[in-house]
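This report concerns only the one structure given below.
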């Protein structure tokens, strides 16, 4: 613990599991008062109890990104309890929603994904801005996706929504930077968590590992530590950036994995 966020109040959406849970615990260990929020109250309270047992400060509040009234209530309750908001981590999304190729995606499927992954993120930012303006600044960190880096065989709506998050990040950074409000985005690679480990097929893990430059998959703290840097005053001159944290998977040409199987160079 180094108190990198001492005295700051941080909201971490989708923090009842996965990346959000890891980030919430890390922020609390660095001195922040953390709002753990999501739809699963029992799991959220368990995260809060764990943080407090470790000497940190946290509160659980219910949040459903598809219901604006829960977003309004989230900020009202946070300010009522802690008096301000310094940090917003927009991590919550729903990758389990039905998706597919363009010809397979219905308008209902498209709207469901956009309502959570882009519309919800937009409204979170829109609603937190007045609080950060009153507070004299703040840091917003959006959790995007590697899916927005290029075309894919499926997951069309999700990729498009996350690409929208990339651009929303830049717009917020430009429009509110002079008010000391920073906005950055993290694109995670394959992050294996206790919650998803059993559901990610070994064949999928092998494909990713064959293309990752380092010798392992990602874990929640890999994203949490980047979020910590972007949330802290250490990154005061950094805004409007989309940072890919994927073990180097997108740093090379896409044919590398196949050439590696052949024991050959790419040329």
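A few notes on this one:
- Residue exposure sequence - 37, 213, 183 - by fewest surrounding Cβ within 10 Å: 213, 183, 37
- Nearest 10 degrees, 0 to 90: helix 18-29 Cα axis against the chain principal axis: 40
- Computed from Cα atoms, the angle from the helix 156-176 axis to the main principal axis of the chain rounds to 50 degrees.
- R0 of 51 Å, Cβ-Cβ distance residue 215-residue 102: FRET efficiency to nearest 0.05: 0.90
- Sorted by Cβ density within 10 Å, fewest first, the residues 95, 253: 253, 95
- Rg/Rh for region 109-199, where both radii come from Cα atoms and Rh is the Kirkwood radius: 1.04
- Angle in degrees between helix 220-231 and the longest Cα principal axis of the chain, rounded to the nearest 10: 50
- For 35, 85, order by how many other beta-carbon atoms lie within 10 Å, fewest first: 85, 35
- Our compactness index for region 129-267, the C-alpha radius of gyration over the empirical 2.2 N^0.38 Å, is 1.21.
Each reported figure results from applying straightforward, stated rules to the coordinates on display, with no laboratory input. These figures come from a predicted structure and were not determined experimentally. Don't worry about glycine lacking a Cβ; one is built from the backbone with ideal geometry, like all the others, and counts go over all protein chains shown.
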